[in-house]
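Q: Pasting in a structure now, in structure tokens, and then I'll have a few things to ask.
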Amino acid sequence: MTTAIRLPAMLQRRLSASVDSLLNSQPNGGIDFSCPRGAEALMPANSVSWRIFKNPIALFVGGTAAVILELAEPGVRAGVWEHSSFRKKPFARLQRTGLAAMITVYGARLAAESMIRRVVRMHDTVRGTTSRGIQYSANDPRLLTWVHATAAYGFAASYDRYVARLEEAEFGRLYCEGEPVARLYGADAPPRSRAEMQALFDGKRHELDPSPIVFDFLDTMRRTPALPSSLRWMQTILVRAAIDLIPAWIRARLGLCGAYGLQRHERWLVELAGAAADRVVLPTSPAVQSCVRLGLPTTYLYSHGRHSRPDIALS
């Protein structure tokens, strides 16, 4: 178990503002996660999901990996590229997706369920035909299962590799925690274990294919300012960290050769940043504000459970 870290006020404000900007141009998109007092979320505060989603490094790296996997699926790729603002304003689109994830995990249950219903209604209008001539619909349970699974995989793998090791049972808990939410969105068979996740990936071996869109997305993630100017140099490293999370056969299928992944010294930097981020309390973050809503200490998620990597020592 590790203890929470409180930074000097000015540094704390800058870091909090940077994390807020990853979600929206306005802090938390105007949503107050501290209200209504006492309102439970779709997932409990002691869940694996609450622990993982508080970490901005795991979110950035895991979310980037999830999008790479989503864009490898022709139906999902066509829906995202042809029917959303992703092509013209990709980072703004990712901010909204990140905020939606925060509401799903940390938001009050009624707010989360209302948001999910709105998303489902919007998806009703998204349909078309891929370049292969295959019809798709955004509310296709099969495609929704892939979207949910790749997100769960990305966040879990990122936290496990770059923040703190997860036990087999914790992977299972995380996947099971997300199952009811996935079904609210319309997924029909969300994985409930690492074995089921592996089976889903194996079943996609003849469906995933390369696309220039994947490289356009990665270029955008490298170029669009998402970190404070003093840390901007690390953004490209975090993108490479995300590529490293993609299963080897999918990287090969997409043309993401070894040069796209992390160098040895870069992995150490990402691990150091991930472990540190798991101890720095961000008072304005959805995670901390949601603890306030439930009457929990602001340090609750930073002082409970397994949060340290055994191979990294922080002073």
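The values are calculated or read from the model by the stated rules, or taken from the named source; none is laboratory data. Note that this is a predicted model, so its numbers are computed, not measured. A quick note on method: Cβ atoms are made from the backbone with ideal geometry, for glycine too, and the neighbour counts reach across all protein chains shown.
Q: Residue by residue through the stretch 211-223, note down the ones that are within 14 Å of Trp81 (Cβ to Cβ) and surrounded by 12 or more Cβ atoms within 10 Å (Cβ to Cβ). Let's see the steps before the verdict.
A: Taking the stretch 211-223 first, the residues within 14 Å of Trp81 (Cβ to Cβ) are 211-217, 220.
Ser211, Ile213, Val214, Phe215, Asp216, Phe217, Thr220, listed by residue number.
Q: Here is a further query. So is Ala226 in a loop (DSSP other than H, G, I, E, B), within 19 Å of the chain's Cα centre (by Cα) and surrounded by 18 or more Cβ atoms within 10 Å (Cβ to Cβ) or not? Break it down stepwise before answering.
A: On the way: in a loop (DSSP other than H, G, I, E, B): yes; within 19 Å of the chain's Cα centre (by Cα): yes; surrounded by 18 or more Cβ atoms within 10 Å (Cβ to Cβ): yes.
When the stated conditions are applied, Ala226 passes them.
Q: Please state which of the following conditions Pro297 fails to meet, knowing it meets all the rest: (1) without any contact (Cβ under 8 Å) to a residue 12 or more places away in the chain; (2) farther than 16 Å from Glu70 by Cα; (3) surrounded by fewer than 14 Cβ atoms within 10 Å (Cβ to Cβ).
A: Answer for Pro297: the failing condition is (3).
Conditions (1) surrounded by fewer than 16 Cβ atoms within 10 Å (Cβ to Cβ); (2) touching a helix residue (DSSP H, G or I) at 6+ places or on another chain (Cβ under 7 Å); (3) closer than 28 Å to Phe201 by Cβ, marked per residue:
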{"residue": "Ala248", "(1), (2), (3)": "yes, no, yes"}
{"residue": "Ala252", "(1), (2), (3)": "yes, no, yes"}
{"residue": "Gly258", "(1), (2), (3)": "yes, no, yes"}
{"residue": "Arg264", "(1), (2), (3)": "yes, no, yes"}
{"residue": "Ala277", "(1), (2), (3)": "no, yes, yes"}
{"residue": "Pro283", "(1), (2), (3)": "yes, yes, no"}
{"residue": "Val288", "(1), (2), (3)": "no, no, no"}
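Q: Taking the conditions exactly as written (under 29 Å from Leu301 (Cβ atoms), touching an Asp or Glu at 6+ places or on another chain (Cβ under 8 Å) and β-branched (Val, Ile, Thr)), does Thr224 satisfy them or not?
A: Judged against the criteria, Thr224 is not a match.
Q: Looking at the stretch 37-149, what helices (runs of 4 or more DSSP H) fall wholly within it and have at least 3 residues that are of a type in the set (Ser, Thr, Tyr)? Give the steps one after another, and end with the answer.
A: Working: elements: 48-53, 56-71, 74-83, 90-106, 109-123.
It comes to 90-106.
Q: Moving on to the next point. Give the residues of the stretch 123-171 that are of a type in the set (A, V, I, L, M), more than 17 Å from the chain's Cα centre (by Cα) and closer than 21 Å to Lys204 by Cα, sorted by residue number. Let's see the steps before the verdict.
A: Narrowing the stretch 123-171 to residues of a type in the set (A, V, I, L, M): 126, 134, 138, 143-144, 147, 149, 151-152, 156-157, 163-164, 166, 169.
Applying the additional criterion that residues be more than 17 Å from the chain's Cα centre (by Cα) yields 126, 134, 138, 143, 169.
Listed by number, the residues that qualify are Ile134, Ala138, Leu143.
Q: Determine, yes or no, whether Tyr185 is more than 24 Å from Glu82 (Cβ to Cβ) and hydroxyl-bearing (Ser, Thr, Tyr). Talk me through it step by step, then tell me what you get.
A: On the way: more than 24 Å from Glu82 (Cβ to Cβ): no; hydroxyl-bearing (Ser, Thr, Tyr): yes.
When the stated conditions are applied, Tyr185 does not pass them.
Q: Kindly establish whether Arg183 is surrounded by fewer than 17 Cβ atoms within 10 Å (Cβ to Cβ), within 27 Å of Ala259 (Cβ to Cβ) and among the basic types (Lys, Arg). I'd like the intermediate steps shown before the answer.
A: Working: surrounded by fewer than 17 Cβ atoms within 10 Å (Cβ to Cβ): yes; within 27 Å of Ala259 (Cβ to Cβ): no; among the basic types (Lys, Arg): yes.
No; evaluated as a whole, the condition is false for this residue.
Yes/no matrix, rows are residues, columns are (1) at pLDDT 65 or above; (2) in contact with a Gly (Cβ under 9 Å, 6 or more places away or on another chain):
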| residue | (1), (2) |
| --- | --- |
| Arg14 | no, no |
| Ser25 | no, no |
| Ile68 | yes, yes |
| Ser84 | yes, no |
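Q: Restricting to the stretch 236-269, give me the number of residues that are touching a Pro at 6+ places or on another chain (Cβ under 8 Å) and not small (Gly, Ala, Ser). Steps first, please.
A: Of the residues in the stretch 236-269, the ones touching a Pro at 6+ places or on another chain (Cβ under 8 Å) are 253-255.
Keeping just the survivors that are not small (Gly, Ala, Ser) gives 253-254.
Residues meeting the conditions: 2.
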